[in-house]
Amino acid sequence: MGTFKCWRNEFSEEDARTYKDSFWAMPNAWADPTNTISLKRLWQQGGVGVVSVLPVLGQFARPTETVEHHLSKEEAARLGGVSQVAVSKASRVLSALGMAKSRPVMRRGVRLTRWELTPELVAPPAEGAGYDSRAYFYFSTRLVYGGNWARLSAAQRALYLAVGSKAMTYAVPPRDIEMLKSFPNDWFADLEECFRQTDDNWVRLGCVSVAELSDISGVSRSALQSAIRELRRAGTTSPSNNQPHPLHHAPLAVYPSPWNGNLIYHFRDHATPWPWAVLNGSPA
């Protein structure tokens, strides 16, 4: 029997609480564009639809067996920030690559989609149990249920996954990380807040060239550069005058780097969920 998830037509605090510890183990091997399954091939064949639903579906996949999960395409589209047409296209691409198959079913009077999710959606298992930490990128699906993922642009989602495939975890205070030591003092506030809020005190960073990110993701350099400009960090991310900072909810921040001209990407795992009224189109 597969897991069951009824269709909601709104983002909700209930779902955010339910899935706050859920995650998708994205295979780092997808960074290699020559692999049968790669981020580049997924983008080229399925576009934004595939990239957007990967974490929505991937959190329910398992590394050792095919599992069933019921989720309407309407909800998959809402959580992924795409249209139902894009989700339908994504399902065809995922099926062709042996990653997931879908078919419509009725459950409790609601039309849903039954997804068969294969181990190809996640990183291979480690010996014993769980995942090999070197083989996957931890995608926290609290970002999905908090609307942070859906509010990114298509290129920003592709950027997030591409940098994620090359990310490193640092279990030391941000001021002790060599590549950050030239940062001005006010840039550390957000990094240190992230460090404090993670369970084991760590931050995740990437330092990758735009050229390499384009090779990994399949997205053009110009589109990636536009996506990056909107995520560049300057100063605080705290709300002011009762209005959120534009990057307050962003799951990724971009800083200039003193190292070889590449940028530094910070995975903001502590990003605040978007207000439910904003996500659901209600008056604030």
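Taken together, the values in this text are just the output of simple stated rules run on the coordinates, not laboratory data. Please read these numbers as outputs of a predicted model, since none were measured by experiment. Note that each Cβ is placed from the backbone with ideal geometry, even for glycine, and that neighbours are counted across all protein chains shown.
Structural remarks
- Reported label for calculated percent of Cα pairs over 27 Å apart given [x] 45; [y] 68; [z] 38: [z]
- Between 87, 105, 67, the residue with the greatest mean-square fluctuation in the GNM of the chain (Cα pairs under 10 Å linked by springs) is 105.
- Residue order, fewest to most beta carbons within 10 Å, for 110, 122: 110, 122
- Between 177, 250, 167, the Cα set farthest toward the positive side of the dipole of region 152-284 (charges on each charged residue's Cβ, about the Cα centre) is that of 250.
- Once C-alpha pairs closer than 8 Å and six or more residues apart are averaged by separation and normalised to the residue number of the chain, the relative contact order reads 21 percent.
- Charge dipole of the chain (Cα centre as origin; +1 on each Lys and Arg Cβ, -1 on each Asp and Glu Cβ, all else neutral): 960 debye, rounded to the nearest 20.
- Dividing the summed helix terms, -39500 (n - 2.57) for each DSSP H run of n ≥ 4, by the number of residues in the chain produces a 222 nm estimate of -9500 deg cm²/dmol to the nearest 500.
- The simple spin-label model puts a point 7 Å past each Cα toward its Cβ; for residue 202 and residue 17 those points are separated by 2.8 nm.
- Lysine pairs with alpha-carbon atoms under 14 Å apart, the chain, spacing 8 or more or separate chains: 4
- Footprinting exposure proxy for 188, 137 (fewest neighbouring C-beta atoms within 10 Å first): 188, 137
- Least to most buried among 145, 255 (fewest other Cβ within 10 Å first): 255, 145
- If a spin label sat at a point 7 angstrom from the Cα of residue 65 along the line to its beta carbon, the backbone N atoms of region 93-109 nearer than 19 Å would be those of 99-101.
- Taking region 1-150 and dividing mean pair separation by its residue count, relative contact order in percent (alpha carbons under 8 Å, at least six apart): 36 percent
- Dipole orientation for the chain: of the candidates 97, 158, 195, 97 has the Cα lying most toward the positive pole (charges on Cβ; Lys, Arg +1; Asp, Glu -1).
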